[in-house]
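Enquirer: Below is a structure I'd like to ask you about.
The values are calculated or read from the model by the stated rules, or taken from the named source; none is laboratory data. This is a predicted model, so every value here is computed, not measured. Reconstructed Cβ throughout: ideal geometry from the backbone, glycine too, with neighbour counts over all protein chains shown. To get the accessible areas, we keep the full protein, side chains included, count just its heavy atoms, and leave off ligands, DNA and RNA. Shrake-Rupley method; radii C 1.70, N 1.55, O 1.52, S 1.80 Å.
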Amino acid sequence: MMTTAADDDPFAWLEDIAGERALGWVRERNAESQALLAAEPGFDATRTLLRAQLDGAGRIPAVARRGRWLYNLWQDAAHPRGLWRRTTLAEYRRPEPAWETVLDVDALAAAEGVHWVWAGAECLGPDYRRAMIALSRGGADACVQREFDCEAKAFVEAGFALAEAKSDVTWIDADTLYVATDFGPGTLTASGYPRTIRRWRRGSPLADAPTVFEGRHEDVSVSVRVDATPGFERTLFERATDFFHNETFLLGGDDALGALDIPSDSTPIFWRDTLLLEIRSDWQPGATRFPAGSLLAADAAAYLRGERTLHAIFTPTATRALAGIAVTRERVLVNVLDNVTGRLEQWRRDGATFSGGEVEAPRGGTLAVAALHDPLLGNDDDLAEHYLLAFTDFLTPDTLQLVDARAPDGRETLKSAPPLFDATGMRSEQCAATSRDGTRVPYFIVWPAGADAATPADGSLPTLLYGYGGYEIALLPAYAPAFGAAWHARGGVRVVANLRGGGEFGPAWHQCAQREHKQRSYDDCIAVAEDLIARRITSPRHLGIMGRSNGGLMVGAVFTQRPELFNAVVCAVPLLDMRRFHHLLAGASWMAEYGDPDDPADWAFISAYSPYHNVHAGRMYPQVFFNTSTRDDRVHPGHARKMAAKMLAQGHAPLYYENIEGGHAGAADSAARAHLLALEFAFLWRRLGHDDKEA
């Protein structure tokens, strides 16, 4: 077995997140990067413009229904931490709704002297008066949890409260919670997530709460879901055996747990008397074989009795994939990707089968669907068949419509965001490159004004290639005001690549680039870069690449393998040291994606692309701008720190910037986010622009 120690790593000291020596190094790098990039022409104006976009009043307030209320977290210049607020649908329809503030996070932070970042609320229906509110210090995943009274608008004195940890809480009733948290030694998984779930009664010490479910140390985590739909009450416990597989158990009336007989990589959803299953591998429970990526339905009671009669609501094709589902009281709403753009289907159960099909919806971009049905309200739910439908594309600001599933053609536009950059003369198109093994890899190009089809291709356009390629996450068309104002407005081209490892074409597109096949993601990105150069859209002098998180790993692998293709790299909150990733914070949870570096057979293929182990002195690399956050407790900041330090020691000239706050998002509020974006754009224009600076 390979050693897991960092004894042979001269930069291991940078893994000490809050160590004074490490933070001293961070402060020095921050000052250097800040001084260089903030001196670029237009930096202050860009930062001001981006801050105004992020705080703009014209943004569509995202809402979640809880009973008669629509709740929203609103952040702007006056409330950078946010107002948790609510309104009614009747008010939300108005151009300027009247909002009722429930909790002022900025006021709370000021009163308590803590830089709180909102992390969500778990509310108890059907009256939704009580909530467990999660608050993060500086944007980390670890949160404190406190019971809150939404009518009194105050925290409950002597109410439920949890210390800072990566916790999950779920209401059972007004006096009982399921709690998964750090209960002390031995209660966390190797990934740092809770391993046990306890049932906690009000008024009793948490330490005395009985354990009702337990996973194993090597699992990723455990979780519980409570469905309180009247007449169909169910509780599901799950242990995530790895990032993509679960064992699921149904709680019986005698508190006995029965294993749910479903594929371990499927997602079960109980919908009243129906069981819905999203499957991620081919499955043949009876006479019919269902392909990976299908959405199946069965009578729930019959399935639990052992009958395996299932019906396919959605079956994928080579170009069509399931993007998500939502349910009203009577219908299943199916969000479909068709060659990486959205389509919408509605299906209704008709006896033992389902009937329905595609419904009219905006085309050519990305759809998001959120049902407004509240199953806890029973027949009193007047929105039982309504849903919210959002649409966007690269050049179209977000729109939000209210749809009655019984008459989906009569959509009501609730909100339309104003344009935040001038898209006159701009266009987008979908192209494709051929990867090393012959696979067709699609990508989108967003062209600035003036770069029309008749423009001669001379390879001079500043072009930024963005990719991800992991975890079955799809990169879809989306309106990006920051790029519009700070990149396209100055003549920059943006390319969004749909690399294998993502979810653009369903589970198979992801699974073919896992573990020993991870190099395919990088080959795909290289193929797109080569295609852009071959088509004379750009050239290595003017081509940059950007990625975040797993995408940061992707760009790290690509620039170390093919440095001659690029002149700038933005590598944000990245994984880079793939020998030790599984020993740093939540890294163990990602071994299903990458493999186990302690297994020599796995390290053989991981070591071939691990950026930290494949960067060398004496080789020419494009300049890299690494950025991360001290408070990122998901992807350890040591990855970016050590890679930058190693490159500096080798004689290269990377830039580095680390926000103290921000968590895995990299920034905790709009001011910090605008500043970081302005640094990134200053770096990109410095490297890729049309001036005479050294390439």
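Enquirer: Within the stretch 174-206, count every residue that is within 28 Å of the chain's Cα centre (by Cα) and either surrounded by fewer than 16 Cβ atoms within 10 Å (Cβ to Cβ) or aliphatic (A, V, I, L, M) (or both).
Expert: Number satisfying all stated conditions: 6.
Enquirer: Filtering the stretch 646-669 down to residues that are open to solvent by 10 Å² or more (accessible area, probe 1.4 Å) and part of a helix (DSSP H, G or I), which residue is nearest to Thr46 (Cα to Cα)?
Expert: Ala665
Enquirer: Looking at the stretch 107-132, which of its residues are among the hydrophobic types (A, V, I, L, M, F, W, C), without any contact (Cβ under 8 Å) to a residue 40 or more places away in the chain and over 18 Å from Ala180 (Cβ atoms)?
Expert: Of everything in the stretch 107-132, those that are among the hydrophobic types (A, V, I, L, M, F, W, C), without any contact (Cβ under 8 Å) to a residue 40 or more places away in the chain and over 18 Å from Ala180 (Cβ atoms) turn out to be Ala107, Leu108, Ala109, Ala110, Ala111, Val114, Trp116.
Enquirer: For the stretch 60-86, which residues satisfy the criterion of being assigned to a loop (DSSP other than H, G, I, E, B) and open to solvent by less than 30 Å² (accessible area, probe 1.4 Å)? Full working, then the answer.
Expert: First, the residues of the stretch 60-86 that are assigned to a loop (DSSP other than H, G, I, E, B): 60-63, 67-68, 77-78.
Passing the criteria: Pro61, Gly67.
Enquirer: Which residues, counting only those in the stretch 419-441, are of a type in the set (Val, Ile, Thr) and either surrounded by fewer than 19 Cβ atoms within 10 Å (Cβ to Cβ) or part of a loop (DSSP other than H, G, I, E, B) (or both)?
Expert: Thr424, Thr434, Thr439
Enquirer: If you don't mind, there's one more thing I want to ask. Against the condition in a loop (DSSP other than H, G, I, E, B), open to solvent by 30 Å² or more (accessible area, probe 1.4 Å), closer than 30 Å to Tyr387 by Cα and among the aliphatic types (A, V, I, L, M), how does Ala57 come out, does it pass?
Expert: yes
Enquirer: Please enumerate the residues belonging to the stretch 378-390 that are surrounded by fewer than 18 Cβ atoms within 10 Å (Cβ to Cβ) and either under 22 Å from Ala485 (Cβ atoms) or in contact (Cβ under 8 Å) with a residue 24 or more places away in the chain (or both). Steps first, please.
Expert: Going residue by residue through the stretch 378-390, those that are surrounded by fewer than 18 Cβ atoms within 10 Å (Cβ to Cβ) are 378-380, 382.
Once the filter is applied, which keeps residues that are surrounded by fewer than 18 Cβ atoms within 10 Å (Cβ to Cβ) and either under 22 Å from Ala485 (Cβ atoms) or in contact (Cβ under 8 Å) with a residue 24 or more places away in the chain (or both), the stretch 378-390 yields only Gly378.
Enquirer: Out of all the residues in the stretch 352-383, which are in a loop (DSSP other than H, G, I, E, B) and within 30 Å of Arg308 (Cβ to Cβ)?
Expert: Let us first name the residues in the stretch 352-383 that are in a loop (DSSP other than H, G, I, E, B), namely 352, 360-365, 372-374, 381-383.
Correct list: Ala352, His373.
Enquirer: Ala617 versus (1) in contact with a helix residue (DSSP H, G or I) (Cβ under 9 Å, 6 or more places away or on another chain); (2) of a type in the set (A, V, I, L, M, F, W, C); (3) part of a helix (DSSP H, G or I): which is the lone unmet condition?
Expert: The number of the failed condition is (3).
Enquirer: Identify, please: which residue in the stretch 277-325 is assigned to a strand (DSSP E or B) and of a type in the set (Phe, Trp, Tyr) and is, among those, most open to solvent (accessible area, probe 1.4 Å)? I'd like the intermediate steps shown before the answer.
Expert: Start the filter on the stretch 277-325 by keeping residues that are assigned to a strand (DSSP E or B), which leaves 277-278, 283, 290, 295-299, 311-314, 320-325.
Restricting the remaining residues to those that are of a type in the set (Phe, Trp, Tyr) gives 283, 290, 314.
Values: Trp283: 44, Phe290: 18, Phe314: 7 Å².
Step by step, filter the stretch 277-325, then rank; the result is Trp283.
Enquirer: Could I ask something else about it? Go through (1) polar (S, T, N, Q); (2) under 23 Å from Ile473 (Cβ atoms); (3) in contact with a strand residue (DSSP E or B) (Cβ under 6 Å, 6 or more places away or on another chain) for Gln346 and report which single condition fails.
Expert: (2)
Enquirer: Now, a different point. For the stretch 99-117, does any single residue satisfy the condition of being surrounded by 20 or more Cβ atoms within 10 Å (Cβ to Cβ), in contact with a His (Cβ under 9 Å, 6 or more places away or on another chain) and either of a type in the set (A, V, I, L, M) or part of a loop (DSSP other than H, G, I, E, B) (or both)?
Expert: yes
Enquirer: If the requirement is being over 30 Å from Asp374 (Cβ atoms) and either touching a Phe, Trp or Tyr at 6+ places or on another chain (Cβ under 7 Å) or among the basic types (Lys, Arg) (or both), which of these qualifies: Leu70, Leu14? Quick ask: steps written out before the conclusion?
Expert: Numbers: Leu70 fails: over 30 Å from Asp374 (Cβ atoms).
Just a single option satisfies the conditions, and that option is Leu14.
Enquirer: Now, a different point. Could you tell me whether Asp393 is touching a Ser or Thr at 6+ places or on another chain (Cβ under 8 Å), open to solvent by 50 Å² or more (accessible area, probe 1.4 Å) and under 25 Å from Ala478 (Cα atoms)? Steps first, please.
Expert: Numbers: touching a Ser or Thr at 6+ places or on another chain (Cβ under 8 Å): yes; open to solvent by 50 Å² or more (accessible area, probe 1.4 Å): no; under 25 Å from Ala478 (Cα atoms): yes.
Spelling it out, it is not the case that Asp393 is touching a Ser or Thr at 6+ places or on another chain (Cβ under 8 Å), open to solvent by 50 Å² or more (accessible area, probe 1.4 Å) and under 25 Å from Ala478 (Cα atoms).
Enquirer: List every residue pair whose Cβ atoms lie under 6 Å apart, where the two residues are 6 or more positions apart in sequence or sit on different chains, the first residue falls within the stretch 500-523 and is touching a residue at least 40 places away in the same chain (Cβ under 8 Å), and the second residue, located anywhere, is open to solvent by 50 Å² or more (accessible area, probe 1.4 Å) and assigned to a helix (DSSP H, G or I).
Expert: Taking only residues 6 or more apart or on different chains, the pairs are Arg500/Arg520; Ala513/Arg520.
Enquirer: A further question on this structure: Determine, yes or no, whether Trp171 is aromatic (Phe, Trp, Tyr), within 27 Å of Asp255 (Cβ to Cβ) and open to solvent by less than 20 Å² (accessible area, probe 1.4 Å). Show your work before the answer.
Expert: Working: aromatic (Phe, Trp, Tyr): yes; within 27 Å of Asp255 (Cβ to Cβ): yes; open to solvent by less than 20 Å² (accessible area, probe 1.4 Å): yes.
Judged against the criteria, Trp171 is a match.
Enquirer: Here is a further query. Find the residue count for the stretch 136-168, including only residues that are surrounded by fewer than 18 Cβ atoms within 10 Å (Cβ to Cβ) and outside any strand (DSSP E or B).
Expert: Number satisfying all stated conditions: 7.
Enquirer: Within the stretch 207-238, take every residue that is touching a strand residue (DSSP E or B) at 6+ places or on another chain (Cβ under 6 Å) and more than 18 Å from Val169 (Cβ to Cβ) and give me the one that is most open to solvent (accessible area, probe 1.4 Å).
Expert: Arg234
Enquirer: Cβ-Cβ under 6 Å, sequence separation 6+ or interchain: first residue in the stretch 133-152 and modelled with pLDDT under 95, partner assigned to a strand (DSSP E or B). Which pairs?
Expert: Gly139/Val117
Enquirer: Give me the pairs, please: first residue somewhere in the stretch 13-27 and among the hydrophobic types (A, V, I, L, M, F, W, C), second residue anywhere and open to solvent by 30 Å² or more (accessible area, probe 1.4 Å) and outside any helix (DSSP H, G or I), beta-carbon distance under 7 Å, and either six or more positions apart or on two chains.
Expert: Correct list of pairs: Ala22/Asp16.
Enquirer: Output the qualifying pairs, or none if there are none: Cβ atoms under 7 angstrom, residues six or more apart or on different chains, first residue in the stretch 203-224 and of a type in the set (A, V, I, L, M), second residue assigned to a loop (DSSP other than H, G, I, E, B) and open to solvent by less than 70 Å² (accessible area, probe 1.4 Å).
Expert: Val220/Thr189; Val220/Ser191; Val220/Tyr193; Val222/Arg195; Val222/Gly215
Enquirer: Another one. Starting from residues that are open to solvent by 50 Å² or more (accessible area, probe 1.4 Å) and not charged (D, E, K, R), keep the ones in the stretch 450-465 and report whichever is modelled with the lowest pLDDT.
Expert: Step one: list which residues in the stretch 450-465 are open to solvent by 50 Å² or more (accessible area, probe 1.4 Å), which gives 450, 452-458.
With the extra rule that they be not charged (D, E, K, R), the set shrinks to 450, 453-457.
Working: Gly450: 86, Ala453: 57, Ala454: 52, Thr455: 61, Pro456: 57, Ala457: 74.
Out of the qualifying residues, it is Ala454.
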